[in-house]
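Please treat every number below as a calculation from the coordinates, not as lab data. The structure displayed is predicted, hence computed values, not measured ones. Using ideal geometry, Cβ is built from the backbone for each residue, glycine included, and neighbour counts are taken over all protein chains shown.
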Amino acid sequence: MQSLRNLLQQAQQSGSAVGHFNISDLVLLKAVFAAAQEVKVPVLVGLSEGEREFVGTRQIGALVRSLREEFDYPIFLNADHTHSLAKGLDAAKAGFDSIVFDLSGLPFEENVRQTRQAVEALKAINPAMLVEGEIGDIGTGSEIHESAPDLSKGLSTPEEAKQFVESTGVDILAPAVGNMHGMLRSMVAGETKKRLDIERIASVKQAAGVFLTLHGGSGTDDEDLRRAIAAGINIVHINTELRVAWRQGLEEGLAKHRDEVVPYKILPAAVDAVRQVVASRLKLFNSERHFAQGT
Ligand SMILES: [Zn+2]
């Protein structure tokens, strides 16, 4: 089985990106895995601190490992938005392949100092674990927002990207390039789309020289996503779109089986709704290559 680092290098060379999908229950995990198998591409599953608290850090480590081993399939596990070293160490011990160590809420110098310490401590537990650092402001909460926050002042510059990567030793950088967490109601309705600063992505990529992650990918214009990947994005995070599909699918399942109490008869509708969203995103992120399983 190849490592996540090899996989990202391969994606970079072929002009594709690895899809990262947040999960917080077995319905979502089943849907993401089924979609990846259907499209025949590798996939990254992520859980934030809140999502890990609900599912169990060690439990999700065991579940994802069991899929990887039983199906000999490149499915990887990321500890999304981790705000303390203690939670990061828990994830490292549970076998997570990567971590987003997110101190972007702190002043830049403090973010650099603590992220550098985290890189050392995490790699001491698992040298192969990839550590992602975050700079700039992309908002919080993968949910539906009533109004758009003003994130224009928090956009990442090539200079700070370069300085951050060189001083911390992170493997992956999450810049603020017009993306934001969550979706507006108009985006859920399909009336508006997020737009990305493609030139900024290209200049940050050149300055940083590491893998780049796009957070808050839900509701982004498809063409912008394609151009962002061509400009140097290696991982795209999708969460809110899955949550919206999860809820709609669940409501459909309940409506279809009014007197049913058997979960495994109701929940497949939710699995299917999420699977369709994930498959559509995976096809878009991997449109530049065809992945041969097992290589
Ligand atoms: Zn994120």
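Structure values in brief
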{"item": "Shape of the range 134-288, Cα gyration tensor, a/c cut at 1.5", "result": "prolate"}
{"item": "Nearest-20 debye value, the range 67-144 charge dipole, Cβ charges on Lys, Arg, Asp, Glu", "result": "320 debye"}
{"item": "Per-selection Rg to Rh, the range 18-159 - Cα, Kirkwood hydrodynamic radius", "result": "0.99"}
{"item": "Long-range amide H partners of Asp80 with built H, under 5 Å", "result": "Leu47, Ser48, Val100"}
{"item": "In sequence order, calculated HN-Hα J values of the range 75-87 (Karplus, 6.51, -1.76, 1.60; Hz; x Gly/Pro)", "result": "10, 10, 10, 10, 8, 6, 5, 9, 9, 9, 5, 4, 5"}
{"item": "Cross-link table Lys30/Lys283; Lys87/Lys123; Lys153/Lys283, entries beyond 22 Å C-alpha to C-alpha", "result": "Lys153/Lys283"}
{"item": "Helix 158-168 axis, angle to the chain major axis (alpha carbon atoms, nearest 10°)", "result": "90 degrees"}
{"item": "Karplus-derived HN-Hα couplings along the range 119-134 (A = 6.51, B = -1.76, C = 1.60, θ = phi - 60°), whole Hz, x at Gly and Pro", "result": "4, 5, 5, 5, 6, 5, 7, 9, x, 7, 5, 8, 10, 10, x, 10"}
{"item": "Cβ-placed point charges (K, R +1; D, E -1), dipole of the chain about Cα centre in debye, nearest 20", "result": "580 debye"}
{"item": "Between the range 59-96 and the range 214-276, the alpha-carbon center distance in angstrom", "result": "21 Å"}
{"item": "Lys, Arg +1 and Asp, Glu -1 on Cβ, resulting dipole of the range 183-278 about Cα centre, debye, nearest 20", "result": "160 debye"}
{"item": "J(HN,Hα) series, the range 233-244, from Karplus relation 6.51 cos²θ - 1.76 cosθ + 1.60, nearest Hz, glycine and proline x", "result": "6, 10, 9, 10, 8, 10, 10, 4, 4, 6, 5, 5"}
{"item": "Farthest toward positive dipole pole in the range 90-223 [+1 Lys/Arg, -1 Asp/Glu at C-beta], among Phe164, Ser142, His181", "result": "Phe164"}
{"item": "Three-way shape call for the range 111-215 based on the alpha-carbon gyration tensor, with the a/c threshold at 1.5", "result": "prolate"}
